[in-house]
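Student: Provided herewith is a single structure, encoded as structure tokens, for subsequent inquiry.
The values are calculated or read from the model by the stated rules, or taken from the named source; none is laboratory data. For clarity, every value in this text was computed on a predicted model and none was experimentally measured. Because the Cβ atoms are built from the backbone with ideal geometry, glycine has one as well, and the counts that use them run over all protein chains shown. Heads up: the accessible areas ignore ligands, DNA and RNA and are worked out on the full protein's heavy atoms, side chains in. Shrake-Rupley method; radii C 1.70, N 1.55, O 1.52, S 1.80 Å.
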Amino acid sequence: MTPPSRDLNSHRSHRVSTGLVSLLLILLSFPAGGSAAPAITFKPADVPIPGFPGTGDILGAGAAVQAQYTISGTESAGGLPSQLRKLAFYLPTNTRVHPAGFSPCSAGALEATGPSACPKNSVAGPVGRATVAAPIAGVTIFEPATVQAFAAPGGGLSFYNVGTSPIAAIIVAQGAFQAGGPGYGPELVVNIPPIKTVPEAPNASVTAIDVKVGAAIRKGRKTLYFGTNATRCPKGGFRWKTELTFESGEVSTATATTKCPKSA
């Protein structure tokens, strides 16, 4: 019987090699670990500063910014979203931030003593709220927390976060402003430390945020605003963007557009 030719063996070897390459390409096309980034919803708005008439959703006026988030996913233990570690918030183009008139409060003072250690004119927004969750002893616990912004050294912001029951936890997340790139105004980047729960339990996941940033102080006849709206509205309205980075390394991005505000 005549043995197979060398050409036939070479053809079979090439076919097997091609099949392996195709299989590798298919496998590499799937995300590592099969995980997806947490899903987020994002709703921004310019709102009035309490006690200061003529502020809010008005061109050129002082305003507070309200940001509302929901976060869902199953990347972490207990079927919860991966832990939030960084939040980037892009303000609309030509928005202005004026932290110079506000007295800073250090993160160390907030962590050690709380808001009572801060100057009165360091407050950069009212008390907001958040929801954190963690699996403890086989049960998923959802806990409400409070969030409040304070002016920080260097012109940034510190966010004082407190949860009391069933888990007592205090964290201070520090944020800094930078240029937001084409089509946007300033970008606030907030680094969020791990939210510890109880020994041997996973860190807590953030599932909702509702916070307002923006304040005003009176100095004689002059009023200083932490932030002011643009004096002109771009075509199509104000554009906003946010990017959330999670412990898993995934990044979730959302955008929003709000209608042009009225003139003062």
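Student: Return the residue satisfying two criteria in turn: it lies in the stretch 202-232 and is touching a Pro at 6+ places or on another chain (Cβ under 7 Å) and closer than 30 Å to E75 by Cβ, and of such residues it is least open to solvent (accessible area, probe 1.4 Å). Give the derivation first.
Tutor: Of the stretch 202-232, the ones touching a Pro at 6+ places or on another chain (Cβ under 7 Å) are 202-203, 205, 207, 212, 226, 229-230.
Filter again for closer than 30 Å to E75 by Cβ, leaving 202-203, 205, 207, 212.
Details: P202: 44, N203: 45, S205: 1, T207: 22, K212: 77 Å².
Across the stretch 202-232, the extreme among qualifying residues is S205.
Student: Now for a separate question. Name the residue, out of K235, K241, that is over 22 Å from P115 (Cβ atoms) and crowded, with 17+ Cβ neighbours inside 10 Å.
Tutor: Numbers: K235 fails: crowded, with 17+ Cβ neighbours inside 10 Å.
It is K241.
Student: Given the structure, is T140 open to solvent by 40 Å² or more (accessible area, probe 1.4 Å), closer than 24 Å to A37 by Cα, among the hydroxyl-bearing types (S, T, Y) and part of a strand (DSSP E or B)?
Tutor: Working: open to solvent by 40 Å² or more (accessible area, probe 1.4 Å): yes; closer than 24 Å to A37 by Cα: yes; among the hydroxyl-bearing types (S, T, Y): yes; part of a strand (DSSP E or B): yes.
It is true that T140 is open to solvent by 40 Å² or more (accessible area, probe 1.4 Å), closer than 24 Å to A37 by Cα, among the hydroxyl-bearing types (S, T, Y) and part of a strand (DSSP E or B).
Student: Still on this structure: Here are some conditions: (1) in contact with an Asp or Glu (Cβ under 8 Å, 6 or more places away or on another chain); (2) touching a residue at least 40 places away in the same chain (Cβ under 8 Å); (3) β-branched (V, I, T). T207 meets all but one. Which one does it not meet?
Tutor: (1)
Student: In the stretch 56-75, is there at least one residue being assigned to a helix (DSSP H, G or I) and modelled with pLDDT under 95?
Tutor: So in the stretch 56-75, the residues assigned to a helix (DSSP H, G or I) come out as none.
Among the residues of the stretch 56-75, not one is assigned to a helix (DSSP H, G or I) and modelled with pLDDT under 95, which makes the answer no.
Student: Let me ask something else. Go through the stretch 239-253 residue by residue and tally those that are of a type outside the set (K, R), in a strand (DSSP E or B) and more than 29 Å from N121 (Cα to Cα). Let's see the steps before the verdict.
Tutor: Kept after step one, since they are of a type outside the set (K, R), are these residues of the stretch 239-253: 240, 242-253.
Checking which are in a strand (DSSP E or B) leaves us with 240, 242-246, 251-253.
Filter again for more than 29 Å from N121 (Cα to Cα), leaving 243-246, 251-253.
Summing the residues that are of a type outside the set (K, R), in a strand (DSSP E or B) and more than 29 Å from N121 (Cα to Cα) in the stretch 239-253 gives 7.
Student: Which one of E187, E200 is acidic (D, E) and more than 15 Å from the chain's Cα centre (by Cα)?
Tutor: After ruling out the rest, the residue left standing is E200.
Student: Follow-up question, since we're still on this one. A124 is checked against (1) touching a residue at least 24 places away in the same chain (Cβ under 8 Å); (2) open to solvent by 50 Å² or more (accessible area, probe 1.4 Å) and fails just one. What number does that condition carry?
Tutor: Unmet for A124, out of (1) touching a residue at least 24 places away in the same chain (Cβ under 8 Å); (2) open to solvent by 50 Å² or more (accessible area, probe 1.4 Å): (2).
Student: In this structure, does Y160 turn out to be farther than 20 Å from S82 by Cα, among the aromatic types (F, W, Y), in contact with a helix residue (DSSP H, G or I) (Cβ under 8 Å, 6 or more places away or on another chain) and buried (at least 19 other Cβ atoms within 10 Å of the Cβ)? Can you show your working first?
Tutor: Working: farther than 20 Å from S82 by Cα: yes; among the aromatic types (F, W, Y): yes; in contact with a helix residue (DSSP H, G or I) (Cβ under 8 Å, 6 or more places away or on another chain): yes; buried (at least 19 other Cβ atoms within 10 Å of the Cβ): yes.
Yes: the conditions hold for Y160.
Student: Taking the stretch 172-206, which residues are under 22 Å from A256 (Cα atoms) and either of a type in the set (V, I, T) or in a loop (DSSP other than H, G, I, E, B) (or both)?
Tutor: G180, G181, P182, G183, V189, V190, V206, listed by residue number.
Student: Any residue in the stretch 162-189 that's within 19 Å of P115 (Cα to Cα): show its pairings with residues that are open to solvent by 80 Å² or more (accessible area, probe 1.4 Å) at Cβ separation under 7 Å, as long as the two are six or more apart or on different chains.
Tutor: Final answer for the pair search is V162/I170; A169/K196; I170/E111; V172/E111; A173/N191; Q174/N191.
Student: I'd like the full set of residues that are open to solvent by less than 30 Å² (accessible area, probe 1.4 Å) and not β-branched (V, I, T), limited to the stretch 60-76. Even if it seems obvious, please write down each step before you answer.
Tutor: The first filter runs over the stretch 60-76 and keeps only residues open to solvent by less than 30 Å² (accessible area, probe 1.4 Å), leaving 61-65, 67, 69, 71, 73, 76.
Those that are open to solvent by less than 30 Å² (accessible area, probe 1.4 Å) and not β-branched (V, I, T): A61, G62, A63, A64, A67, Y69, G73, S76.
Student: Considering every residue within the stretch 246-257, establish whether at least one is among the aromatic types (F, W, Y), open to solvent by 30 Å² or more (accessible area, probe 1.4 Å) and touching a strand residue (DSSP E or B) at 6+ places or on another chain (Cβ under 8 Å).
Tutor: First pass over the stretch 246-257, keeping only residues among the aromatic types (F, W, Y): 246.
Pick out the ones that are also open to solvent by 30 Å² or more (accessible area, probe 1.4 Å) and you get none.
No, the stretch 246-257 has no match at all.
Student: What pairs come up if the first residue lies in the stretch 144-155 and is buried (at least 21 other Cβ atoms within 10 Å of the Cβ), the second is part of a helix (DSSP H, G or I) and not polar (S, T, N, Q), and their beta carbons are under 6 Å apart, counting only those six or more places apart or on different chains?
Tutor: Correct list of pairs: A151/P99.
Student: On to the next question. Would the stretch 80-96 turn up any residue that is out of contact with any Lys or Arg (no Cβ under 6 Å at 6 or more places or on another chain), in a loop (DSSP other than H, G, I, E, B) and surrounded by fewer than 15 Cβ atoms within 10 Å (Cβ to Cβ)?
Tutor: No, there is no match, as no residue in the stretch 80-96 is out of contact with any Lys or Arg (no Cβ under 6 Å at 6 or more places or on another chain), in a loop (DSSP other than H, G, I, E, B) and surrounded by fewer than 15 Cβ atoms within 10 Å (Cβ to Cβ).
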